[in-house]
Amino acid sequence: MQRDEILALVKRRQAAWAARDPAALAATHAEHGTVASPTGGVLEGRAEIERIYRLWLSAFTDIVVQQDDVLIDGDRVVTISRFRGTQTGEFFGLAPGGRHVEMQVALVMTVADGLVVDERRIYDFTGVLVQVGVLKAKPTA
């Protein structure tokens with residue numbers, strides 16, 4: 001893929017996040033693509049990938065994704081973004097608590113034919129669980 005095609009793919013993904021559209025997000029992945037995610041483990045196929053997008057978008061209905069950086073090297077892309085939202089829906093069995101969550105996310109992707117074929121999501125899931133109240137942070141001394 002050419003750089004402009006990759007940037008167009010990144011822009012489609014940003015638009016899908018802004019629209020809070022899990023099907024459109026999943027459609028940016030290859031039909032048999034894979035995602036390695038702290039929340040979902042290793043996901044294989046567009047349907048499983050969409051399931052995790054739905055989980056996040058139903059738990060954080062006001063989620064905002066602010067993209068800070070895009071790095072492109074051949075068919076590899078890294079995006080660095082900030083996610084912000086309020087837990088207004090169930091999240092891993094936790095009832096809506098109205099707590100605000102913020103996290104920085106790095107997505108390391110391999111792309112081909114206009115789609116993401118492999119994605120590795122890097123973020124502090126333990127920190128998210130602390131923010132929604134599942135875990136308690138140990139006070140510093």
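The values are calculated or read from the model by the stated rules, or taken from the named source; none is laboratory data. Quick caveat: nothing in here was measured; it's all calculated off a predicted structure. FYI the Cβ positions are ideal-geometry reconstructions off the backbone, even for glycines, and counts take in every protein chain you see.
Which is within 12 Å of the chain's Cα centre (by Cα) and of a type in the set (K, R), of R54, R46? Talk me through it step by step, then tell me what you get.
Details: R46 fails: within 12 Å of the chain's Cα centre (by Cα).
Just one listed residue meets the conditions, R54.
Taking the residues in region 112-141 that are out of contact with any strand residue (DSSP E or B) (no Cβ under 8 Å at 6 or more places or on another chain) and within 16 Å of E102 (Cα to Cα) as candidates, determine which candidate is modelled with the lowest pLDDT. Quick ask: steps written out before the conclusion?
Within region 112-141, the subset out of contact with any strand residue (DSSP E or B) (no Cβ under 8 Å at 6 or more places or on another chain) is 114, 125-126, 129-130, 135-141.
Subsequent filtering for residues that are within 16 Å of E102 (Cα to Cα) retains 125-126, 129-130, 135, 137.
Values: F125: 90, T126: 88, L129: 88, V130: 90, L135: 84, A137: 77.
Step by step, filter region 112-141, then rank; the result is A137.
Does region 34-51 hold any residues that are assigned to a strand (DSSP E or B) and either more than 18 Å from V105 (Cβ to Cβ) or without any contact (Cβ under 8 Å) to a residue 24 or more places away in the chain (or both), and which are they?
Quick first cut of region 34-51, residues assigned to a strand (DSSP E or B) only: 34-37, 41-44.
Across region 34-51, the qualifying residues are G41, V42, L43, E44.
Are there any pairs with C-beta distances below 6 angstrom linking a residue in region 80-96 that is closer than 26 Å to Q14 by Cβ and modelled with pLDDT of 95 or more to a residue that is hydrophobic (A, V, I, L, M, F, W, C) and in a strand (DSSP E or B), with the two at least 6 apart or on different chains, and if so which?
Hits for this filter: I80/A106; S81/V65; S81/V105; F83/V65; F83/M103; F83/V105; R84/V64; G85/V101.
Between a first residue in region 119-140 that is farther than 24 Å from I49 by Cβ and a second residue that is in a helix (DSSP H, G or I) and of a type outside the set (S, T, N, Q), which pairs have beta carbons less than 8 Å apart while being 6 or more apart in sequence or on different chains?
Within 8 Å, the pairs are L135/L129; K136/V130; A137/V130.
Which of the residues that make up region 57-71 are in a helix (DSSP H, G or I) and either surrounded by fewer than 18 Cβ atoms within 10 Å (Cβ to Cβ) or touching a helix residue (DSSP H, G or I) at 6+ places or on another chain (Cβ under 8 Å) (or both)?
L57, S58, listed by residue number.
Identify all residues within region 72-96 that are loosely packed, with under 14 Cβ neighbours inside 10 Å and farther than 22 Å from A26 by Cα; write none if there are none.
So in region 72-96, the residues loosely packed, with under 14 Cβ neighbours inside 10 Å come out as 73-76, 82, 90, 92-93, 95.
Residues satisfying the conditions are D73, G74, G93, A95.
Just give me the residues in region 11-29 being crowded, with 19+ Cβ neighbours inside 10 Å and either of a type in the set (A, V, I, L, M, F, W, C) or in a helix (DSSP H, G or I) (or both), in sequence order.
The answer is R13, A16, W17, P22, L25, A26.
Which members of region 111-132 meet the condition of being among the acidic types (D, E) and crowded, with 18+ Cβ neighbours inside 10 Å? Steps first, please.
Taking region 111-132 first, the residues among the acidic types (D, E) are 113, 118-119, 124.
Within region 111-132, E119 is the sole residue that qualifies.
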